[in-house]
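The next block holds one structure in the form of structure tokens; read it before the comments.
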Amino acid sequence: MSSPWNGHFSSLELVTSLAGSARRVVRVGDIEIGGDELVVMAGPCAVESESQVFETAKAVSRAGARILRGGAYKPRSSPYSFQGLGVEGLRILRKAREATGLAIVTEVMGPEDVDVVAEYADIMQIGARSMENYALLEAVGRCGRPVLLKRGITATLRELLQSAQAIAMNGNLDIILCERGIRTFETATRNTLDIAAVPVLKTVSCLPVIVDPSHAAGLRLLVPVLSRAAVAAGADGLLVEVHPSPDKALSDGIQSLNFEQFRVMMRDLRPYMAMREHAHEIEREIAK
Ligand code: PEP
Ligand code: MN
């Protein structure tokens, strides 16, 4: 690796780009994450019911999303909040995949749930609060499914890559890194989107990098503009919360888009695709 960060990310050789090593493209069916196309993953924060998931799946698919998100196991800040439907939620996601052809990404919270989640999910999501759960990282390293690894709420990029390395050391290099905002002194947004994480990770690592503007912003008004910034910075994909009636959502409604807002956001991203390619060219130049 030769870059302005030479040395900073040393000893993470499985997930950093070594001279001559190819970029990792994570394949899910015919979807390529880390390839030429921007891959959008969208859906509700939590699986609430079959009709909620089906309606959302159809709407996000029509707007151009390729992957359906939805939590069946929810890490909630308050123990009094909705905790998710568990296996029943996974069954609903599977049915939505059969009905729409969308692939499924869903969170796994503990090593004991890895086998059951891997039965239903196409991509295993490791949430921000679990980024340092090493028993879970080991278990998803052996599960045979791609992993979407979210940056911890107070994690540095080196720490994110250390967790990716832990997954890779267990035999799984199909890892998608996700910048979802970090905790700073700013309180006007739920988290602070670290947009520089995109070019840094794209330069020092061989893994695809996506952005979750929903948990970064915490407010639906900001989601489209943060998505445009992410695409212009070279992100390989987006993870966006969408709900049929955000005001009635059982979790994260305040940052969820409705179907029309998501459709408009997807339409308005198009002019940013050329900037995304330009960002990739510059990153390749820096990495030389
Ligand atoms: C989520 O994707 O709904 C979620 C809980 O995200 P994070 O782990 O980034 O907070
Ligand atoms: Mn959420």
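In the stretch 225-242, which residue that is farther than 23 Å from Ala188 by Cβ and in a loop (DSSP other than H, G, I, E, B) is farthest from ligand 1 (Cβ to nearest atom)? Applying the filter and picking the extreme gives Gly234. No other residue among Glu50, Glu37, Glu55 is within 19 Å of Val198 (Cβ to Cβ) and among the acidic types (Asp, Glu) apart from Glu37. Does Arg97 qualify as being under 19 Å from Arg27 (Cα atoms), within 11 Å of ligand 1 (Cβ to nearest atom) and surrounded by 15 or more Cβ atoms within 10 Å (Cβ to Cβ)? Criteria not met by Arg97. Against the conditions (1) away from ligand 1 (no atom under 15 Å from the Cβ); (2) not in a helix (DSSP H, G or I), Leu222 satisfies every one except (2). With respect to (1) within 14 Å of ligand 1 (Cβ to nearest atom); (2) under 17 Å from the mean Cα position of the chain (by Cα), the lone exception for Leu102 is condition (1).
Does the stretch 30-41 include one or more residues that are within 16 Å of ligand 2 (Cβ to nearest atom) and assigned to a loop (DSSP other than H, G, I, E, B)? No, that holds for no residue. So which residues in the stretch 108-135 are over 18 Å from the mean Cα position of the chain (by Cα) and under 13 Å from Gly71 (Cβ atoms), if there are any at all? Answer for the stretch 108-135, where residues must be over 18 Å from the mean Cα position of the chain (by Cα) and under 13 Å from Gly71 (Cβ atoms): just Asp113.
Sub-7 Å Cβ pairs linking a first residue in the stretch 190-206 that is part of a helix (DSSP H, G or I) to a second residue that is charged (D, E, K, R) and at pLDDT below 95, at least 6 apart or interchain, are Pro199/Glu283; Lys202/Glu283; Thr203/Glu283, ordered by first then second residue.
Return the residue satisfying two criteria in turn: it lies in the stretch 166-189 and is within 12 Å of ligand 1 (Cβ to nearest atom) and part of a strand (DSSP E or B), and of such residues it is nearest to Arg145 (Cα to Cα).
For the stretch 166-189, the residue satisfying everything is Cys178.
Would you please name the residue that is farthest from ligand 2 (Cβ to nearest atom), looking only at residues in the stretch 52-83 that are more than 19 Å from the chain's Cα centre (by Cα) and in contact (Cβ under 8 Å) with a residue 12 or more places away in the chain? Looking at the filtered set, the residue picked out is Arg62. Looking only at the stretch 42-58, which residues are part of a helix (DSSP H, G or I) and of a type in the set (Gly, Ala, Ser)? The answer is Ser51, Ala57. Just one residue in the set Gly71, Gly43 is within 13 Å of ligand 1 (Cβ to nearest atom) and either over 17 Å from Gly237 (Cα atoms) or modelled with pLDDT under 95 (or both); that residue is Gly71. Listed here are the helices (runs of 4 or more DSSP H) enclosed by the stretch 77-165 that have at least 2 residues being modelled with pLDDT of 95 or more and of a type in the set (Lys, Arg): 87-100. Every condition in (1) within 16 Å of ligand 1 (Cβ to nearest atom); (2) touching a Gly at 6+ places or on another chain (Cβ under 8 Å); (3) over 30 Å from Leu14 (Cβ atoms) holds for Ala57 except the one numbered (1). Within the stretch 137-158, the residues that satisfy the criterion of being within 15 Å of ligand 1 (Cβ to nearest atom), free of Cβ contacts under 8 Å to residues at least 60 places away in the same chain and not aliphatic (A, V, I, L, M) are Arg151, Gly152, Thr154. The residues on offer are Leu207, Leu238, and the sole one that is buried (at least 22 other Cβ atoms within 10 Å of the Cβ), away from ligand 2 (no atom under 12 Å from the Cβ) and under 13 Å from Arg69 (Cβ atoms) is Leu238.
Test Ala65 against the stated conditions and say whether it is within 16 Å of ligand 1 (Cβ to nearest atom) and part of a loop (DSSP other than H, G, I, E, B). Spelling it out, Ala65 is indeed within 16 Å of ligand 1 (Cβ to nearest atom) and part of a loop (DSSP other than H, G, I, E, B).
The values are calculated or read from the model by the stated rules, or taken from the named source; none is laboratory data. Because the structure is a prediction, the values reported are computed rather than measured. Using ideal geometry, Cβ is built from the backbone for each residue, glycine included, and neighbour counts are taken over all protein chains shown.
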